[in-house]
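The values are calculated or read from the model by the stated rules, or taken from the named source; none is laboratory data. Quick caveat: nothing in here was measured; it's all calculated off a predicted structure. So basically every Cβ, Gly included, is an ideal-geometry build from the backbone, and we count neighbours across all protein chains shown. Areas reflect the complete protein model, heavy atoms only, side chains present, ligands, DNA and RNA absent. Shrake-Rupley method; radii C 1.70, N 1.55, O 1.52, S 1.80 Å.
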Amino acid sequence: MTEWKDWSALPSLGSAATTSSVRQDRSMASLQVASQALLAQSSHGVPPPSSGGHSWRFSTNNAAPKPAATHMNAQEAVTQHQQNILNDIMTKPDQVIQEETDRAINDFLQKSWERKHKQWSEELAGGRGASVDGNMLMDTTNTSSYGGQQALTQYGSASGSHRALLPDKSGGGVLWPRDHGGSMSQLDPQIIHTHAKVVEELKRLMGPDAARTFGNLIDPSSAPANSGYFTAWKWMELLLEHQQKIMPSSFGGAYSTKMDPVGHAIATVCHLSCQFRIRMEQTTQSALMAGQNDLLEDTYDHAVAKHCEAFTKLQLGAAFLETPWATLYYCLRCGYGDDAALEVWQISKLKAGISDTVADAITRLLDAMTPWDKADSVPMLPNSDRHIVGDFLQTLQANIGEDKDQDIHQVGVLALLSGAGDLPVSNNIPGFGTIEDYLFGMLCKCLLQREPVEELSKLGESIQNYGPSYFGDAESGGWSYTLPLLMTQQYNKALSHLVDFGGDLGLLHASHLGLLMSTSKIELTDLGETNPPVDDLAASLLVAYAGRLLAVPSAGSVAALEYLVLIPKRERMMKEVASMIAKTGDLERLAGKPDENGVAYGGDVLDRKFSKSEIAVVLGEAAEMLLRENDDEKAGLAARCYLIAGRYDSVLWMLNQKMDRPEDQTSNRQYWIEQTMAFRSYYLEKRTQVVETLERQGKMSLIETNRFMIDLNIFFQEINVQRFQEAWNIVQNTQLLPMSSNDLGAKQDKYRNLDDVIKRSFPAVLVGAMKCLHYQHQQTKAGGGARDAVTIQRLKELQAHAKVLLSFSGMLGVASDQSESLSHLEATMI
């Protein structure tokens, strides 16, 4: 057993034929360019478009399988391509050859540019593996399906055919495994350190600045889980910017009140529209850099309208510009309704093919809208115009079986403006196929209803009802499900799910998101939950993460403390800090150690976080936790906690309790006697801070009680080895017992003022003292010879002492069994 006699040191707990030379020469130049392009592509090992990465998108998983790729080296690829071009030279006109060769070169340049600028998506829009492939601007890395309360339809093409999107919910789906293993079970010390540095700056970095700083720590391309985490911080940044805009801080960066659910939904719509706009602009910009200089036309003045028109032409073809619907839809999807969309509509509405009544209603609705990134509240759209557009939408949907040329973009525009329908779904048309598209449409619809909060609650409930199996694979670390939950204000479920499925990394993500949300007055509850959990989720996350840090050598208790002190409720925060101290025993590093005067020095970590009185409370709580363990070593640490806290009375109280019932001489009794004597030698036998504090507090009686407890323990030790004379001398020196009948009253009064720890053992002390007298009596008789006068006198004195003790026991009301023992011993002294 470790001893602590030195109270100033704590133990560390890739057949040509003849033809005209002109044609051949002209074509070979293009051949060389294309060959070099192919060779460069092969030599750099450029993969085919997209697999892998984080994703959450709609899919029906019914596409025909692609033929297996034939692998060849770079030179073989170039040789085959040269052969194909030479065959075309012999069979096709010059113009056709030139066009196809130029197209091949442009395709290569475009793809090369897209690869080079893949980081744009990752850095600006969450790094979700977005790609441009065929006619889709969407994530192509996942085949998960998504479900909601409403019946979703799948638009196979612009022809208007449709079918069910989701499997029957009762069909289940493969649930994610909870055993992640691998990288999910380990935390990178560098990630821990960089997050901790931001946490230290939270008082200065409030709101969107903090979210932006956290987001800058993440490399979204490094892992699917990091991609989701990055996206969450981008969403959070816009959420807090919106909160800051509508509710300016009143002091020190702290928000004066919390934002309502409608405000949260508006901010999320802003995030989803901004995300789509950035990706769309990346796509058109890449094409422009690849040489497609005729992509941007002069039809519109607004930059977003220009990009939406270019995006439509690039992704869907020029035929989709014959009506305004596609360009108009993409303006709305980018969040620009009143300016960009209105300009598109005013210039091109005559090509829309609808009645003037509906066209005029659309004009008024667009004019009443505000870009989502500038909206302080839900736009006040004229109800009469919404009804006109909604009725027209219902008519279109009712005739969808007859109208084979139904325009999906027209349906989308009408749905967004009226709030009377859901966005259609398509895996072939950009802007209709991802979960982000679905959420954008549903949130816009909810916000236009008479009771938006109720509708938002239903949307969140539908996300929860479908569960994680509909949203992605386990490699996302829980983010495929967490992001939709966050964006539908299911905050408790989102963060809890992230911890359950993301392992240690998920805990890190959830803890820091929850921390900033909590400090920004965002309640971590689920919208629509009638019985929210009693436990404070933010606090629980901080406690769990701090506990994980204790197992990381480069972090430890000091790093854990930085998180625990951020628990919102101070009472719980102090209790959790105490619990950490009790669990780790890292007292010296956090709080220091006592000097020879009983004053703590060194280890000023707690001093930077708490006042002296609060430190006393924390260390006292830690001591009480340690004492409940009923372990001597932990009890020694508890005494250290009391001593460093300056709670010297508690140190003495604990030591006295450890020496309680001195008649029960347990195996560790001597250990506590020695520890107590060492404490007295260090701090009580000279003028120290300990003595002065006890005097000032009027608790000097604790010192006296402590002395009595030492003496009584030694008294019983002597009795156990039958050293009765030595035992009698000890108890006599305590002056606890009357030596004569004249002393009975005074000793009775003294007894009444004794500490209970002494009173509990007093009957046993009386019996022990009587045994001493009885022993002396027997020894005197045996050695008294002819009973000389001295012997007789000594025997009388011993008998008198015995009678006094017997009388004293009666005055104290000693229990009958002990009274009988006393009477028997006294009676045999004859």
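Here are a few things to note about the model shown:
- Once you reduce segment 695-764 and segment 622-649 to the center of their Cα atoms, the two points are 26 Å from each other.
- Accessible area per residue, Å², segment 691-754 with all protein chains present, probe 1.4 Å: 51 Å²
- Local electrostatic count at Ile730 - Lys and Arg +1, Asp and Glu -1, tallied over other residues with Cβ under 9 Å: -3
- For segment 351-368, 3J(HN,Hα) per residue [Karplus equation, 6.51 cos²θ - 1.76 cosθ + 1.60, θ = phi - 60°, Hz, x = Gly/Pro]: 8, 7, x, 10, 5, 5, 4, 5, 4, 5, 4, 4, 4, 5, 5, 5, 5, 7
- For segment 619-635, 3J(HN,Hα) computed residue by residue from phi via the Karplus equation (6.51, -1.76, 1.60; θ = phi - 60°) reads 5, x, 4, 4, 4, 5, 5, 5, 5, 5, 6, 6, 10, 4, 5, 5, 5 Hz, glycine and proline entered as x.
- 3J(HN,Hα) from dihedral phi, segment 462-470, Karplus parametrisation 6.51/-1.76/1.60, rounded to Hz, x for glycine, proline: 5, 5, 5, 4, 7, x, x, 5, 8
- Using heavy atoms of the protein chains and a probe of 1.4 Å, the accessible area assigned to Tyr330 is about 0 Å².
- Segment 353-402-segment 405-473 distance, computed between alpha-carbon centres (Å): 16 Å
- In loop segments of segment 351-441 as defined by DSSP, the trypsin sites (Lys or Arg not before Pro) with at most 11 further C-beta atoms inside 10 Å of their C-beta are Lys404.
- Extreme residue, positive dipole direction of segment 395-545, given options Ser457, Ala539, Ser480 (C-beta unit charges): Ala539
- Accessible surface of segment 300-371, 1.4 Å probe, proportion on carbon and sulfur as whole %: 50 percent
- Net +/- balance of residues flanking Asp294 in space, Cβ distance below 13 Å, scoring K and R +1, D and E -1: -1
- Amide hydrogen neighbours beyond the local backbone of Gly419, cut-off 5 Å, H modeled: none
- Charge context of Ala555, other residues only, Cβ under 15 angstrom, K/R +1, D/E -1: -1
- Among the GluC sites (Glu not before Pro) within segment 270-373, those in coil by DSSP and having at most 12 neighbouring Cβ atoms inside 10 Å are Glu297, Glu322.
- In the context of the full set of protein chains, residues of segment 522-616 present 47 Å² of accessible surface per residue (probe radius 1.4 Å, heavy atoms only).
- Accessible surface of segment 710-830, 1.4 Å probe: 48 percent of it comes from carbon and sulfur atoms.
- Per residue, in Å², the accessible surface of segment 346-488 once ligands and nucleic acids are set aside, probe 1.4 Å: 37 Å²
- Rounded to the nearest 20 debye, the dipole magnitude of segment 389-476 is 140 debye, with +1 charges on Lys and Arg beta carbons, -1 on Asp and Glu beta carbons, and the Cα centre as origin.
- Accessible surface of segment 634-679 [probe 1.4 Å, protein heavy atoms]: carbon and sulfur percent: 46 percent
- Built amide H within the under 5 Å cut-off of Ala600, gap 5+: Asp595
- Between the amide H of Gln490 and those of Leu527, distances stay under 5 Å, these residues lying 5 or more places away or on another chain, with hydrogens modeled in the peptide plane.
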